[in-house]
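These notes concern the structure reproduced below.
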Amino acid sequence: MKVLITSDSLEVKDAEVIRLRIIDTRKFKGRRIIEERKRLKANDGFVTVGDPAKEVAKFANAIDVDLIAVNDPDLGLDVARTVSKPVLIANNLDNVFERGLIGYNPLVFNEAIKSRIESLPFKEMHIIHVLESLIPAKANIETNIPKIVDFMRNVKERVERVSHYHVKVGEPVEEILKTAEEIDASCIALSTSMKTLPLGSTTQKIAKIGKFPVLIWKELIKRNGFIQCL
């Protein structure tokens, strides 16, 4: 696995690590950029100047990495909006791939999604779907639960690497974090929309809370003539 890392404090075992140090032009100007470049060049890795998210995306695509790892949630979310590569937001990467809790919409499943889930680097994988409703009577929660359970069971049967599935009712952020604690997850994996993470989205909230490492992943597929992200 080839990993692009933007922090000197992050280390990944059993991986090819490419370290990128970025001189943020929002913080450094003129001569200070030259001085900072000289200082950073004394270390291993690449040094670049510009907007951090754009520079990470440029390097990730140029060297075709398998994973981008950052320890800053804001940078991680900005990068995830830009690239199709998985983005890991974490302060410590020790054992981060032991047990993953993967947020998943079971109503959409095909070979592309199956392949994407199987490619996630976790030794043990759990999938979770949270039914959310402000007005349960209108959302037909009781009717939907058996359907969702059947869908999730089907995904578990078709994806060998998935060991458990969880169906919850409530507020997504709360239920995902609670389940992650219950199963002692080492990381939470969540998918994004195609171009942007809506303000207040589940992915953004969990990443900013910072209680667990968060792996943000995308999948672009063609369905009904349109390119969609899962």
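Read-outs: derived from the displayed coordinates by stated rules, not from any lab. None of the values given here were measured: they were computed from a predicted structure. Reconstructed Cβ throughout: ideal geometry from the backbone, glycine too, with neighbour counts over all protein chains shown.
Report the gain in length on full extension from residue 112 to residue 154: 0.36 nm times residue separation, minus Cα-Cα distance, nm rounded to one decimal.
Gain in length upon complete extension: 13.5 nm.
Full extension from residue 95 to residue 61: what is 0.36 nm times the residue separation minus their Cα-Cα distance, to one decimal in nm?
Roughly 9.6 nm would be gained on extension.
Within 10 Å, count the other beta carbons around each residue, average over each peptide in 27-33, 80-86, and list them highest first.
80-86, 27-33
Can you compute the modelled spin-label distance between residue 54 and residue 182, with each label point 7 Å from Cα toward Cβ, in nm?
Between residue 54 and residue 182, the label points sit 4.5 nm apart.
Check cross-link reach from residue 208 to the aspartates and glutamates: straight Cα distance under 14 Å, and skip same-chain residues fewer than eight apart.
List returned: 72, 74, 78, 174.
Filter 123/178; 27/54; 2/85; 2/114; 178/205 down to the pairs with a C-alpha to C-alpha distance above 18 Å, please.
123/178; 2/114
With each run of n ≥ 4 DSSP H residues scored as -39500 (n - 2.57), what mean residue ellipticity at 222 nm is computed for the chain after dividing by its residue count and rounding to the nearest 500 deg cm²/dmol?
The per-residue figure over the chain is -10500 deg cm²/dmol.
What is the Cα centroid distance between the stretch 12-76 and the stretch 159-191, reported in whole angstrom?
Taking the Cα centre of the stretch 159-191 as reference, the centre of the stretch 12-76 is 31 Å away.
What relative contact order, as a whole-number percentage, does the chain give when Cα pairs under 8 Å and 6 or more residues apart are counted?
Answer for the chain is 19 percent.
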